[in-house]
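Encoded as C-alpha cells, the structure appears first; notes follow it.
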Amino acid sequence: AQARFNTILVDLCRDMWGYISLGYFKQRVIAGEVGSSTMPHKVNPIDFENAEGNLGVANALLHHFSAKLPISRWQRDLTDSTVMRAVGVAAGHMMIAYSALSKGLSKVSVSENALAKDLDRAWEVLAEPVQTVMRVHGIEKPYEKLKELTRGKTIDAESMRDFVNTLDIPSDDKARLVALSPSTYIGIAAELARQI
C-alpha cells in the first residue's frame with residue numbers, strides 16, 4: 001500500500017515538473033539556491049526531481065521486501081534479518097521525498113497568464129457544446145461534422161464561429177454558442193463538482 005501511495009506521488013512530481021516546464025506554474029526564487037549548475041538564470045524544479053528520485057529508491061526497496069519477506073528457505077533462512085535492516089533505509093528515502101515534495105509545492109504558484117493563453121488557443125474544446133446543441137435540434141451526424149472541422153486542425157475563434165453560423169438552429173442558441181469561448185465554457189463541471 002505504501003508503494004502504491006508513493007507511485008501516486010511520483011506521478012504528481014512528474015506532472016508538476018511538466019507543468020512548470022510548460023510555464024503553467026511558477027516557482028518562487030529562493031536566495032542562495034542553485035537552480036542550474038550551468039545556467040544561473042534557471043529555476044529548475046529540483047524539489048520535485050529530488051522527491052521523485054527518493055520515492056523511486058524507496059519503492060525499489062519496498063517491492064523487494066514484499067517479494068522477499070514472505071519466502072523462507074527450509075525454515076532456516078537468515079536472509080530476512082539482512083533485508084529487514086534496510087526497512088529504515090526505505091523509510092528514510094520516503095521521509096526525504098515527502099519533505100522535498102512539500103517544499104516544492106510550497107514554492108509554486110499558478111501562472112494564470114500562461115493558462116489563459118494556452119486555453120485561448122484551444123477553440124476545439126467548444127466542439128462539445130456545439131455538438132450537444134446540434135443533437136438537441138436533430139442535426140444529422142453532429143459528431144462527424146465537428147470531427148471534420150476540428151480533428152488534427154488548429155481551430156480559432158473565427159473558424160468556430162463561422163461553423164456555428166452555418167447551423168440550422170434557433171437564433172438564440174446560435175447566439176449562445178457564438179458568445180462562448182474556451183475560457184467561458186465549463187459545461188456541467190460546477191454541478192459535477194458539487195456532487196463530490
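The values are calculated or read from the model by the stated rules, or taken from the named source; none is laboratory data. Note that this is a predicted model, so its numbers are computed, not measured. A quick note on method: Cβ atoms are made from the backbone with ideal geometry, for glycine too, and the neighbour counts reach across all protein chains shown. Heavy atoms of the whole protein, side chains included, go into the accessibility calculation; ligands, DNA and RNA do not. Shrake-Rupley method; radii C 1.70, N 1.55, O 1.52, S 1.80 Å.
State to the nearest 20 debye the size of the charge dipole of segment 1-62 about its Cα centre, where the only charges are +1 on K and R beta carbons and -1 on D and E beta carbons.
On the way: 5 positive and 6 negative charges, 22 e Å.
Here segment 1-62 has a charge dipole of around 100 debye.
Taking 0.36 nm per residue of separation and subtracting the Cα-Cα distance, what length does fully extending His137 through Ile188 add?
Numbers: separation 51, 0.36 × 51 = 18.36 nm, distance 1.95 nm.
Additional length available on full extension: 16.4 nm.
Using the per-residue mean of other Cβ atoms lying within 10 Å as a proxy for protection, in what order, highest first, do the peptides 69-76, 43-50 fall? Before the final figure, lay out each step's value.
On the way: 69-76: 8.2, 43-50: 20.0.
The most tightly packed comes first, giving 43-50, 69-76.
Rounded to the nearest whole Å², what accessible area per residue is found for segment 10-157 with the 1.4 Å probe? Don't jump to the answer; show the numbers that get you there.
Working: 9630 Å² over 148 residues.
Normalised by residue count, the accessible surface of segment 10-157 is 65 Å².
Among the aspartates and glutamates, which fall within straight-line cross-link reach of Lys103, defined as a Cα-Cα distance under 19 Å, with same-chain neighbours fewer than 8 residues apart omitted?
Asp11, Asp15, Glu33, Asp47, Glu49, Glu52
For the chain, state the average projected area of the convex hull of the C-alpha atoms over all orientations, rounded to one decimal in nm². Mind dumping the intermediate values first?
Working: hull surface 75.0 nm².
One quarter of the hull surface, i.e. the mean projection, equals 18.7 nm².
First compute the accessible area of segment 139-183 with a 1.4 Å probe, then give the percent of it belonging to carbon and sulfur atoms. Walk me through the numbers on the way to the answer.
Values: 1430 of 3010 Å².
Exposed carbon and sulfur together represent 48 percent of the surface.
Using a 1.4 angstrom probe on the protein heavy atoms only, could you order Trp123, Trp17 from most to least accessible area? Let's see the in-between values first.
Details: Trp123 15, Trp17 110 Å².
Descending accessible area places them as Trp17, Trp123.
Excluding ligands and nucleic acids, what accessible area in Å² is computed for His41 using a 1.4 Å probe, to the nearest 10?
Around 140 Å² of this residue is reachable by solvent.
For segment 34-101, report the convex hull volume of the alpha-carbon atoms normalised per residue, in Å³, without decimals.
On the way: hull volume 5.8 nm³, N = 68.
Normalising the Cα hull of segment 34-101 by residue number yields 86 Å³.
Among the GluC sites (Glu not before Pro) within segment 87-166, which fall in a DSSP loop and have no more than 14 other Cβ atoms within 10 Å of their own Cβ?
Values: sites: Glu112, Glu124, Glu140, Glu144, Glu148, Glu158; in loops: Glu140.
When the GluC sites (Glu not before Pro) of segment 87-166 are filtered for loop state and at most 14 Cβ neighbours within 10 Å, Glu140 remain.
Quick one: check the C-alpha center-to-center distance for segment 133-153 versus segment 75-117, whole angstrom.
What the calculation gives is 46 Å, centre to centre.
Tell me the mean residue ellipticity at 222 nm calculated for the chain from its helices only (DSSP H runs of n ≥ 4, each -39500 (n - 2.57), averaged over every residue, nearest 500).
Values: 10 runs with 122 residues, N = 196.
So the helix-based figure for the chain works out to -19500 deg cm²/dmol.
Provide the net charge surrounding Leu61, with neighbours chosen by a C-beta distance below 12 Å and charges set as Lys +1, Arg +1, Asp -1, Glu -1.
Details: positive: Lys68, Arg85; negative: none.
Residues near Leu61 contribute +2 overall.
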